[in-house]
Amino acid sequence: MSFRAPKGTNDLIAQDAWGYLNICKQAAEIFFRYGYQPIQTPTFESLDAFVRGIGSATDVIGKEMFYVNSATSLEKLIAGVELKADERLALRPEMTAGVARAVLERGVVVADGPLVKLHYAGSMFRHERPQKGRLREFHQIGAECIGSAEPTADAEVIMMFIHFFESLGLPKERFTLLLNSMGDEHCRPAYREQVKQYVLDHAGQLCEDCLRRADTNPLRAFDCKNPNCQSIMAEAPVITDALCPECADHYAEVKRLLDKAGITYVEDPYLVRGLDYYTRTVFELQSDDGQGAQNALGGGGRYDRLLQEFGDKSIPGLGFAIGCERLLMALESRGLKAVMPSVQVYLAAASDDARPTVFLLADELRRNAFSVEIDHQSRSLKSQLKSADRLGAEYLVAIGSDELSCGVATLRSLREDFSVEFGLADAVQNLCIIMQKNKC
Ligand SMILES: [Zn+2]
Ligand SMILES: [Zn+2]
């Protein structure tokens, strides 16, 4: 019997998994410079936490959730018995709600307390139609900065976001940072009404989805992919004209700080981001795929009311998430795929009596920080040399009866014209010296 991976999932193996590990490691290094510590939260949470955090009118909650059922909860569901709140579980579709739940529950974040900066990497789950760069189990790298409403926090988060992409070698000119302010609880409701009215006024020209969402989430019409909707919505009222003085000042200060820091951006008054919890600053990085199509590599924004939804404390925050699959595709298309580290030394046994020596020498070299491979399949010397080649080993040492009897073996570079003899008595010490010298 053979099995296939579930639709919308991917296997990352060797080279591809290196690519993923590499961007995670790079993110941790860059984010640490900005004071971020790692966080890991459960892959599933109470469904209610996501509904509360993300908003029931979003596609994520309405259409794309993966529910988690135990055998007993499934039995109850089949029998038509209603599940208790702690039995209603879902796989995380994004990380921010889980982080907010965790930092409040563990007392890491307190009202008027110190700033909390956290970053993460992991799997998220959305039941969408799978397509290139979009999976049902996908990976995100992200960061959350909780406890400051100041524009400097917004600017710093955006600068760190850009710094990360630049650190991977992605050329600046192929990317556009979109920036907008979505206002807050004082100015957004009125704006939302304006957009709702606009949508209803153009009911005949908009798609069904946009109309259906007019009541619950009219701003989503800005995200509609339907070209008709896009051209109608391009004439809709813009949030930047509707911001209250406080939001307008906040937005102006964020822009001023980014200007000073030399971060280029394009103001996009129609950038609304899909999730309900965003307030004020929102941003997105668009990449040009070289054929005129734009792809969002990541984005984020401020969520000053999200933590209030989870507790009774008003604690501001903001963050971003980066889609790893799309980022890896962008890196690959620009020839920036991670280089898979190769084996440094292949120790071949030229005769069976040399196998114990080879076995122990390999272990000693590994303890001295070298990556070493040996044969475990009773292969001939010829096949061992083939393996060394296939693994891309830098060096080869073949030890057989002759080497054992005279106590001298040869280290041979498989990449350049270089070979040197060394004494087997102090093999590790000798090899360390030779290989380090040859590196310099
Ligand atoms: Zn539409
Ligand atoms: Zn406002």
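Details
- The mean sequence distance of close C-alpha pairs (under 8 Å, at least 6 residues apart), as a share of the length of the chain, puts its relative contact order at 15 percent.
- Amide H contacts under 5 Å for Ile315, placed H, 5+ residues apart: Leu307, Gln308
- Charge dipole magnitude, Cβ of K and R +1, D and E -1 - the chain, Cα centre, debye nearest 20: 640 debye
- Annotation: average projected area of the chain is 29.2 square nanometres, based on the convex hull of Cα atoms across all directions.
- Here Lys84 is the anchor, and the lysines within straight C-alpha reach of less than 22 Å, apart from those fewer than 8 places off in the same chain, are Lys63, Lys76.
- Helix 427-439 axis versus longest C-alpha principal axis of the chain: approximately 60°, rounded to the nearest ten.
- Residue of Ser413, Ser56, Ser314 that the Gaussian network model of the chain assigns the largest fluctuation, springs spanning Cα pairs under 10 Å: Ser413
- Residue exposure sequence - Cys406, Cys187 - by fewest surrounding Cβ within 10 Å: Cys406, Cys187
- Counting neighbouring beta carbons within 10 Å and listing from fewest to most, the residues Met329, Met340, Met65 come out as Met340, Met329, Met65.
- Rounded to whole numbers, the Karplus 3J(HN,Hα) couplings from phi for the range 256-267 are 4, 5, 5, 4, 4, 7, x, 8, 8, 8, 10, 6 Hz, using 6.51 cos²θ - 1.76 cosθ + 1.60 with θ = phi - 60°, and x at Gly and Pro.
- Partner aspartates and glutamates whose Cα lies under 15 Å from the Cα of Lys172, excluding those fewer than 8 positions away in the same chain, are identified as Glu284, Asp288, Asp289.
- Treating each Cα of the range 240-376 as one equal point scatterer and applying the Debye formula with no solvent, the log10 of I(q)/I(0) at q = 0.18, 0.20 Å⁻¹ comes out as -1.11, -1.23.
- Per residue of the chain, the DSSP helices (runs of n ≥ 4 H) give a summed -39500 (n - 2.57) that works out to -11000 deg cm²/dmol at 222 nm.
- Euclidean distance between Cα centres, the range 346-391 to the range 224-259, Å: 63 Å
- P(r) weight above 20 Å for the range 98-170, C-alpha pairs, percent: 50 percent
- Note, ³J(HN,Hα) from phi for the range 76-92, Karplus 6.51, -1.76, 1.60, rounded to Hz, x at Gly and Pro: 4, 4, 5, 7, x, 8, 6, 7, 6, 3, 7, 9, 8, 10, 9, 6, 5
- Sparsely packed GluC sites (Glu not before Pro) within the range 185-286, loop by DSSP, other Cβ within 10 Å at most 16: Glu185, Glu235
- Trypsin sites (Lys or Arg not before Pro) within the range 59-132: DSSP coil, no more than 10 neighbouring Cβ in 10 Å: Lys63, Lys84, Arg106, Lys132
- Protection proxy ranking of 347-357, 137-147, 157-167 - average other beta-carbon atoms within 10 Å, highest first: 137-147, 157-167, 347-357
- By the count of neighbouring beta-carbon atoms within 10 Å, fewest first, Tyr120, Tyr265 end up ordered Tyr265, Tyr120.
- Projected over every direction and averaged, the convex hull enclosing the alpha-carbon atoms of the range 345-439 yields 5.5 nm².
- Here the range 345-439 is treated with +1 on each Lys and Arg Cβ and -1 on each Asp and Glu Cβ, and its dipole about the Cα centre works out to around 320 debye.
- Shown in residue order for the range 374-383 are the 3J(HN,Hα) couplings computed by the Karplus curve 6.51 cos²θ - 1.76 cosθ + 1.60 at θ = phi - 60°: 9, 8, 10, 10, 6, 7, 5, 4, 4, 5 Hz (x for Gly and Pro).
- Taking chymotrypsin sites (Phe, Trp or Tyr not before Pro) across the range 1-65, the ones in a DSSP loop with at most 14 further Cβ atoms lying within 10 angstrom of their Cβ are Phe3.
- Taking each residue as 0.36 nm, the span from Ala5 to Gln429 lengthens on full extension beyond its C-alpha to C-alpha distance by 147.9 nm.
Every read-out reported here was derived from the displayed coordinates using simple, explicitly stated rules and does not represent laboratory data. Values in this document were obtained by computation on a predicted structure and should not be read as measured data. A quick note on method: Cβ atoms are made from the backbone with ideal geometry, for glycine too, and the neighbour counts reach across all protein chains shown.
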